[in-house]
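Data block below; observations after.
None of the figures in this text is laboratory data; all of them are computed from the coordinates on show. On a predicted model such as this, the values are computed, not experimentally measured, just so you know. We place every Cβ from the backbone using ideal geometry, glycine too, and count neighbours over all the protein chains shown.
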Amino acid sequence: MRSVDYWRENEKLAAQARVNRVAYDVGGRPVKQWDPRLWALQAEDPLTPANMTRVHSLSDHVVSLLSVDAGLQVSLAGTGNQVLQRWDTRGTRSDIEYDDQLRPVAMFEQQGTAPRSCVERLQYGGSEPGNQAVNLCGQMTRHDSPGGTVVFESFAITRQ
């Protein structure tokens, strides 16, 4: 499948076509994607790699993602198709822990041989009467990350 965008440096010049291309497998999943820069090179050299190449598991989980810009990323999924572990070209290993409802509760990273560290923690509201009164049941109530802590004390019916 192709999509065409048009670009012009200034309004007095003619617009130039910028072709993006996505190749799908028989299951309808995107497996290769080219931006205009590499698509133009692909026309001249068929061996030019796609910007992104994905390999899917039988359950539609992206097992491998190869990007010409970011490198290789490989992930391992659990029985609920949730990401359990991820590795990348930079030597980073990421692990995600889940609660019994498969909601992420902790995210860990390890760079090369450095010690593994927790980079995010999430908490969810239970079914206690106090949480029911302010619509927190099942909602994320706290998110700790390197950017700080966000606490949600209540939600309106519009989820705000």
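Brief remarks follow.
- Ratio of Rg to Rh for segment 53-151: 1.06 [Cα atoms; Kirkwood radius as inverse mean 1/r over pairs].
- Zone residues, segment 90-107, relative to R142, backbone N less than 18 Å from point 7 Å out along Cα-to-Cβ: 97-100, 103-107
- Net length gained if the chain between N81 and D99 were fully extended (0.36 nm per residue, minus Cα distance): 5.1 nm
- Using a Förster distance of 30 Å, the FRET efficiency for T149-H56 (Cβ separation, nearest 0.05): 0.25
- For the peptides 5-18, 26-39, 113-126, the ranking by packing is 26-39, 113-126, 5-18, with the highest mean count of neighbouring Cβ atoms within 10 Å listed first.
- With a Förster radius of 41 Å applied to the C-beta separation of R37 and V63, the computed FRET efficiency comes to 0.95.
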